[in-house]
Amino acid sequence: MQLIKRKDIPVLRNSGVESEQLLFPESSPDAMSTVTRVTVPSGVTSPRHAHYASEQVWIVLSGQGTLLLEGESEAAIHEGDVVRFAPGDVHGVFNVSNTPFVYLSVTTPPQNFRSAYAKQWR
């Protein structure tokens with residue numbers, strides 16, 4: 001059993017996007033997934049990217065957004081929606097609402113996202 005206290009949860013930031021690392025390799029090296037709560041402020045974009053070695057599932061907790069997919073493809077996503085990205089699927093999101101777009105992300109196998117958040121986003 002492992003209990004991770006709120007005060008011990010790292011928060012990664014880039015271009016206004018905040019990613020709370022609820023469970024990730026640094027805090028739980030033997031975990032089988034990475035779990036993050038991501039908050040995208042109104043009008044902010046988390047740019048298109050892909051995870052080639054992991055699948056990722058998003059559960060939208062609040063807000064609405066536009067999924068940014070391969071090429072110029074887009075799809076609407078709303079509170080309560082669930083989306084699964086297979087390894088290599090291009091994805092990102094633009095928050096189209098006036099409130100924060102918040103989703104829970106589960107990535108398997110686990111990834112440490114520190115380096116992704118350390119890079120300059122376009």
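The values are calculated or read from the model by the stated rules, or taken from the named source; none is laboratory data. Because the structure is predicted, anything quoted here is derived from the model rather than measured. Ideal geometry is used to build each Cβ from the backbone, glycine not excepted, and the neighbour counts take in all protein chains shown.
Residues that are under 20 Å from T108 (Cα atoms), surrounded by 15 or more Cβ atoms within 10 Å (Cβ to Cβ), at pLDDT 95 or above and more than 12 Å from the chain's Cα centre (by Cα): does the range 35-45 have at least one? No; the residues of the range 35-45 include none that is under 20 Å from T108 (Cα atoms), surrounded by 15 or more Cβ atoms within 10 Å (Cβ to Cβ), at pLDDT 95 or above and more than 12 Å from the chain's Cα centre (by Cα). Against the numbered list (1) assigned to a loop (DSSP other than H, G, I, E, B); (2) closer than 20 Å to Q120 by Cβ; (3) of a type outside the set (G, A, S), P87 comes up short only at (2).
For the range 66-84, the candidate set comprises residues that are over 13 Å from the mean Cα position of the chain (by Cα) and within 14 Å of L104 (Cα to Cα); within that set, the residue that is surrounded by the fewest Cβ atoms within 10 Å (Cβ to Cβ) is G80. Against the test of being more than 21 Å from Y117 (Cβ to Cβ), surrounded by fewer than 17 Cβ atoms within 10 Å (Cβ to Cβ) and not hydroxyl-bearing (S, T, Y), the options V11, V96, V90, V57 yield a single qualifying residue, V96.
Taking V82, is it within 18 Å of T36 (Cα to Cα), in contact (Cβ under 8 Å) with a residue 24 or more places away in the chain and touching a strand residue (DSSP E or B) at 6+ places or on another chain (Cβ under 6 Å)? In short, yes. Among the residues of the range 14-34, those that are of a type outside the set (S, T, Y), surrounded by 15 or more Cβ atoms within 10 Å (Cβ to Cβ) and over 11 Å from the mean Cα position of the chain (by Cα) comprise N14, G16, L22, L23, F24, P25, A31. Screening the candidates S27, S115, S19, S105 for the property of being free of Cβ contacts under 8 Å to residues at least 12 places away in the same chain and either assigned to a helix (DSSP H, G or I) or under 21 Å from I4 (Cα atoms) (or both) yields one hit, S115.
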